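**Student:** So that we are looking at the same thing, I have put the structure below in structure tokens.
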DNA sequence: CTTATGACCTGATAGC
DNA sequence: TGCTATCAGGTCATAA
């Protein structure tokens with residue numbers, strides 16, 4: 001579900017609610033959404049596939065690893081990942097996957113109920129002001145990863161991520177992907193090249209940059225990379241201002257939807273007219289993802 | 001090493 | 001109404 005603008009919006013709304021608060025307790029309803037530094041076989045790094053590869057029964061998660069007894073001093077983001085940092089120095093990284101949410105309810109408020117009830121409320125924290133924080137994720141593509149320090153978070157959890165997409169540069173993109181034989185759209189989705197762009201903003205940035213998504217990265221000239229870097233940053237900044245794109249489920253930590261969907265030029269508009277030239281927008285699978293572009297504004301050449 | 005592909009999950013919706 | 005097929009904002013392991 002969430003790409004950089006949605007995650008950044010969650011970061012801001014979550015920070016406003018939890019920074020300065022102390023976690024008084026936590027209930028873990030699904031252990032397997034959590035990976036700890038001692039037991040990496042949990043959370044979104046858990047082993048998937050054949051039954052013979054199923055991991056041994058995971059150990060209990062120490063409450064301190066989930067920041068219980070800790071005052072929250074910061075909420076960080078890199079690409080699509082978040083992390084809450086405690087005064088102890090410990091950190092809990094959160095990846096929202098496709099359907100994950102972090103939601104806060106103030107003292108006396110009920111947590112916003114999903115249509116399926118609380119069946120997918122996997123981790124619930126109690127705050128010292130009587131509030132609650134829940135990690136909810138029906139599809140379970142997301143999860144939590146604990147770290148003993150921010151240094152460990154950056155060096156182990158986030159080390160494989162490329163630079164944050166808000167810092168995209170022509171030089172950086174060219175250096176990391178300029179020789180690649182892949183389609184430029186696949187490169188933009190690769191979190192080791194650039195962290196934070198997903199299917200919506202890849203298509204939107206390619207449209208703004210007038211680059212065809214199927215063009216091979218190694219065929220792009222410097223001007224094309226420069227336009228891409230500029231428009232990746234531009235569309236992400238605009239989307240953050242709008243609180244992100246709510247297609248169906250996404251909300252910030254207070255349950256509010258984002259409004260950037262109304263500004264999508266191509267995503268979700270296959271078969272409709274191009275807003276720039278009126279041509280019918282194309283839609284096809286590329287890099288396993290539905291991709292929409294304008295054949296006139298974004299020529300293959 | 002690089003690149004492509006199917007797998008991992010559940011819920012909403014469209015079509016019969 | 002009720003069933004089935006398809007699709008979804010993202011990674012991840014494995015194979016070529």
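**Student:** Per the helix-only calculation at 222 nm, which mean residue ellipticity applies to chain A, given -39500 (n - 2.57) for every DSSP H run of n ≥ 4 and division by its residues, nearest 500 deg cm²/dmol?
**Tutor:** Taking each H run of at least 4 residues, the total per residue is -6000 deg cm²/dmol.
**Student:** Here is a further query. Averaged over all directions, how much area does the convex hull of the C-alpha atoms of the stretch A:100-243 cover when projected, in nm²?
**Tutor:** Quarter of the Cα hull surface area: 11.1 nm².
**Student:** Here's a follow-up. Among rounded, prolate and oblate, which fits the stretch A:70-117 when a ≥ b ≥ c are the square roots of the eigenvalues of its C-alpha gyration tensor, a/c under 1.5 means rounded, and a/b larger than b/c means prolate?
**Tutor:** Working: a/c = 3.30, a/b = 1.35, b/c = 2.45.
Cα axes put the stretch A:70-117 in the oblate bin.
**Student:** From zero outward in steps of 5 Å, how is the percent of C-alpha pairs of the stretch A:205-277 spread across the bins?
**Tutor:** With 5 Å bins starting at 0, P(r) equals 3, 14, 20, 20, 18, 13, 7, 3, 1.
**Student:** Also, quick follow-up: Which distance in Å, rounded to a whole number, links the C-alpha centroids of the stretch A:88-115 and the stretch A:176-243?
**Tutor:** 30 Å
**Student:** Could you work out the per residue convex hull volume over the alpha carbons of the stretch A:4-157, in cubic angstrom?
**Tutor:** Value for the stretch A:4-157: 110 Å³ per residue.
**Student:** Quote to one decimal, in nm, the extra length available between residue A:301 and residue A:171 on full extension: 0.36 nm per residue of separation minus the C-alpha distance between them.
**Tutor:** This chain segment gains 44.5 nm when fully extended.
**Student:** Consider all pairwise Cα distances in the stretch A:165-293 and report the whole-number % of them above 21 Å.
**Tutor:** Result: 38 percent of Cα pairs exceed 21 Å.
**Student:** State whether the stretch A:90-156 is rounded, prolate or oblate according to the following rule on the C-alpha gyration tensor (a ≥ b ≥ c being the square roots of its eigenvalues): a/c under 1.5 gives rounded; otherwise a/b larger than b/c gives prolate, and the remaining case gives oblate.
**Tutor:** Numbers: a/c = 3.44, a/b = 1.38, b/c = 2.49.
Taking the square roots of the gyration eigenvalues as a ≥ b ≥ c, the stretch A:90-156 is oblate.
**Student:** Moving to a separate point now. In the calculated pair distance distribution of the stretch A:168-218, what percentage of Cα-Cα distances lie above 17 Å?
**Tutor:** Cα-Cα pairs of the stretch A:168-218 separated by over 17 Å account for 25 percent.
**Student:** With all distinct Cα pairs included, what does the Kirkwood hydrodynamic radius of chain A come out to in Å, to one decimal, could you say?
**Tutor:** The Cα-based Kirkwood calculation yields 20.2 Å.
**Student:** Let me ask something else. Provide the gained length on full extension for the span residue A:275 to residue A:30, in nm with one decimal, where the gain is 0.36 nm per separating residue minus the Cα-Cα distance. Present the calculation step by step, with values, prior to reporting the outcome.
**Tutor:** Values: separation 245, 0.36 × 245 = 88.20 nm, distance 4.55 nm.
Extra length available between residue A:275 and residue A:30 comes to 83.7 nm.
**Student:** Right, something else. Could you order peptides A:18-25, A:95-102 by the average number of other Cβ atoms within 10 Å of their residues, highest first? Each step should come with its number before you reach the end.
**Tutor:** Numbers: A:18-25: 17.0, A:95-102: 22.2.
Highest to lowest by the protection proxy: A:95-102, A:18-25.
Every number in this text was worked out from the coordinates using simple rules, so none of it is lab data. The structure presented is a predicted model; accordingly, all values stated were derived computationally and were not measured. Glycine also receives a Cβ, built like all others from the backbone with ideal geometry; neighbour counts cover every protein chain displayed.
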